[in-house]
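The values are calculated or read from the model by the stated rules, or taken from the named source; none is laboratory data. For clarity, every value in this text was computed on a predicted model and none was experimentally measured. Heads up, the Cβs are rebuilt from the backbone with ideal geometry, glycines too, and the neighbour counts pull from every protein chain shown.
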Ligand code: ADP
């Protein structure tokens, strides 16, 4: 069984993330979506809330996708799951430098773990969790850019 790990902050999950997940599922039998905290960003939603939203949005994929929270070194999580693949999404050139550095770093420590980059659908190329939060904060329309559960939670958060 081929498995992969898709790590991120997912604060909150957007349709861009979902698109990457669905593309990854065409290549792998099982995907672990792992919610972590980026030390550079203060999250809007707690890790528990982010996990709940992802689980709800990914329900249609059943047991092919598992959502978990993880604190620690990602490489250890990947090995723990018996996987050797990390999935990351790429939007624009601006993502590249950061992603390249992380992938190189991970390879330096675990030469058997590969990072695979998946490009999102054009429609989602501009989408980010931060943009979504900005729109929601000012009560703008987020429909079509995030799963329904996220739309609801954003309304609760920024009413
Ligand atoms: P991180 O804080 O780890 O970058 P994010 O939750 O912001 O976590 O993103 C997780 C992954 O999903 C990253 O690889 C990011 O580049 C990718 N990603 C985020 N938004 C999109 C999008 N709209 N299209 C494609 N990939 C995306």
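Given the condition at pLDDT 95 or above and over 20 Å from residue 148 (Cβ atoms), answer yes or no: does some residue in the stretch 11-23 qualify?
yes
Every residue in the stretch 136-151 that is part of a helix (DSSP H, G or I) and either more than 16 Å from the chain's Cα centre (by Cα) or within 11 Å of the ligand (Cβ to nearest atom) (or both), please.
136, 137, 148, 151
So in the stretch 1-26, with the set limited to residues that are surrounded by fewer than 16 Cβ atoms within 10 Å (Cβ to Cβ) and closer than 17 Å to residue 78 by Cα, which one is farthest from the ligand (Cβ to nearest atom)?
Checking each candidate, the answer is 1.
Taking residue 125 as meeting all but one of (1) within 13 Å of the ligand (Cβ to nearest atom); (2) at positive phi, write down the number of the exception.
Evaluating residue 125 over (1) within 13 Å of the ligand (Cβ to nearest atom); (2) at positive phi leaves (2) as the failure.
Within the bounds of the stretch 30-51, is there any residue that is assigned to a helix (DSSP H, G or I) and either closer than 17 Å to residue 132 by Cβ or without any contact (Cβ under 8 Å) to a residue 12 or more places away in the chain (or both)?
So far as the stretch 30-51 goes, yes, one or more of its residues are assigned to a helix (DSSP H, G or I) and either closer than 17 Å to residue 132 by Cβ or without any contact (Cβ under 8 Å) to a residue 12 or more places away in the chain (or both).
Taking residue 94 as meeting all but one of (1) at pLDDT below 95; (2) surrounded by 12 or more Cβ atoms within 10 Å (Cβ to Cβ); (3) within 13 Å of the ligand (Cβ to nearest atom), write down the number of the exception.
Condition not satisfied by residue 94: (2).
Can you name every residue in the stretch 103-115 that is surrounded by 13 or more Cβ atoms within 10 Å (Cβ to Cβ), farther than 21 Å from residue 54 by Cβ and within 14 Å of the ligand (Cβ to nearest atom)?
Selection gives 103, 106.
Please verify whether the stretch 123-132 includes one or more residues that are touching a helix residue (DSSP H, G or I) at 6+ places or on another chain (Cβ under 6 Å) and in a helix (DSSP H, G or I).
Checked against the condition, which is being touching a helix residue (DSSP H, G or I) at 6+ places or on another chain (Cβ under 6 Å) and in a helix (DSSP H, G or I), the stretch 123-132 yields at least one hit.
Taking interchain pairs and intrachain pairs at least six residues apart, which have beta carbon atoms under 7 angstrom, with the first residue in the stretch 61-75 and over 20 Å from residue 27 (Cβ atoms) and the second assigned to a helix (DSSP H, G or I)?
Pairs that qualify, where the first residue is over 20 Å from residue 27 (Cβ atoms) and the partner is assigned to a helix (DSSP H, G or I), are 69/47; 69/51; 70/77; 75/106; 75/109.
Residues are listed down the side, and each one gets a yes or a no for (1) more than 17 Å from the chain's Cα centre (by Cα); (2) at pLDDT 95 or above; (3) loosely packed, with under 15 Cβ neighbours inside 10 Å; (4) assigned to a helix (DSSP H, G or I):
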residue	(1), (2), (3), (4)
68	no, yes, no, no
75	no, yes, no, yes
88	no, yes, no, no
98	no, no, yes, yes
117	no, yes, no, no
134	yes, yes, yes, yes
